[in-house]
Each structure stands twice: as C-alpha cells, then as structure tokens.
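The values are calculated or read from the model by the stated rules, or taken from the named source; none is laboratory data. Predicted model, so just to flag it, every value in this text is computed and none were measured. As a convention, Cβ positions derive from the backbone with ideal geometry for all residues, glycine included, and neighbour counts pool all protein chains shown.
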C-alpha cells in the first residue's frame with residue numbers, strides 16, 4: 001500500500017493514488033488536504049471531511065506557481081497551528097508540484113534557502129524533484145520573503 005511521507009511532524013507529502021486511498025486518512029488522521037493539480041481529486045469520506053485547497057496547476061516549467069505560494073503556505077500554517085492538525089500535500093506523482101509547495105512552506109516557516117528546503121524535502125521523500133521552472137519561482141519567493149522580513 002502506498003504511504004504518505006512525513007516531511008516534518010504532521011506535514012505529509014504523497015502522490016494522487018495515496019491521496020485518494022481511504023487508509024491514508026484512517027491511519028494518519030489527516031485534517032487538511034492541499035491538492036496541487038488540475039482535475040478531480042476524490043478525497044475519501046471517513047467521517048468528517050478534511051479542509052481542502054486545490055491549486056489547479058500542471059507540472060510545466062512555465063506554469064505560474066509563485067503567485068500561489070503565499071496562499072499554500074498560509075493553508076499549511078493554519079493546518080499545523082492546531083495541535084491536532086495534520087496536513088497532506090499532494091500532486092499527481094508526488095514529485096514536483098507538491099515538493100515545491102512544501103519547500104516554500106519550509107522556507108517561510110524556518111527562513112531556509114531554496115537549496116536547504118528542497119534538499120530537506122528530498123532527504124525525507126527521495127523522489128521529490130521540483131522542475132526547473134518551479135525552482136526559479138521558489139528563488140523569487142525567497143527574495144519576497146526576505147523583503148517582507150526587513151519591513
């Protein structure tokens with residue numbers, strides 16, 4: 001059975017198959033689901049439904065990711081703010097889009113560089129590999145985070 005990877009406590013990453021598997025929710029107690037892909041996502045209904053956010057972008061280098069990162073970071077932060085909150089971030093393959101969004105959260109939450117965040121995610125989820133366009137947009141996001149902290 002496919003499993004979600006815990007990146008930091010209570011923040012998980014996976015592919016679409018795992019995100020649509022009822023056992024994922026039963027075993028992990030997921031409260032928030034962030035889907036980074038277009039199309040339908042079938043979240044299993046085990047009692048109460050988790051909070052959901054869908055960012056309908058494709059895994060293409062020129063796809064606009066940067067404009068969504070403050071929203072995705074806020075969604076993850078809100079999920080983790082509750083001591084019982086558990087956040088699942090997924091895309092289709094669990095490689096590029098989800099890794100990019102989780103990396104952006106780590107950059108904002110811990111002040112990490114793009115390299116630090118992406119390498120940390122890869123150390124936990126070995127198939128994580130943001131596409132080159134998303135890495136460039138993460139670099140832009142890093143600059144915007146630095147300018148916000150100065151003000």
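Points to keep in mind about this one:
- Residue count for region 29-51 satisfying the condition of being out of contact with any helix residue (DSSP H, G or I) (no Cβ under 6 Å at 6 or more places or on another chain), assigned to a strand (DSSP E or B) and farther than 24 Å from residue 131 by Cβ: 1.
- Residue check for residue 142: within 14 Å of the chain's Cα centre (by Cα) and without any contact (Cβ under 8 Å) to a residue 60 or more places away in the chain: no
- Unique residue being surrounded by fewer than 19 Cβ atoms within 10 Å (Cβ to Cβ) and touching a strand residue (DSSP E or B) at 6+ places or on another chain (Cβ under 7 Å) when the list is 54, 93: 54
- Scanning region 130-143 for residues that are surrounded by fewer than 17 Cβ atoms within 10 Å (Cβ to Cβ) and in contact with a helix residue (DSSP H, G or I) (Cβ under 8 Å, 6 or more places away or on another chain) yields a total of 2.
- Among the residues of region 5-28, the ones that are assigned to a loop (DSSP other than H, G, I, E, B) and surrounded by 13 or more Cβ atoms within 10 Å (Cβ to Cβ) come to 4 in all.
- Of all residues in region 32-50, those satisfying the criterion of being modelled with pLDDT of 95 or more and under 19 Å from residue 78 (Cβ atoms) are 32, 33, 34, 35, 36.
- Within region 17-31, residues that are without any contact (Cβ under 8 Å) to a residue 24 or more places away in the chain and at positive phi reach no partner that is surrounded by 14 or more Cβ atoms within 10 Å (Cβ to Cβ) and outside any helix (DSSP H, G or I) with beta carbons closer than 8 Å at six or more positions or on different chains.
- Residue check for residue 80: in contact (Cβ under 8 Å) with a residue 24 or more places away in the chain, more than 19 Å from residue 3 (Cβ to Cβ) and outside any strand (DSSP E or B): yes
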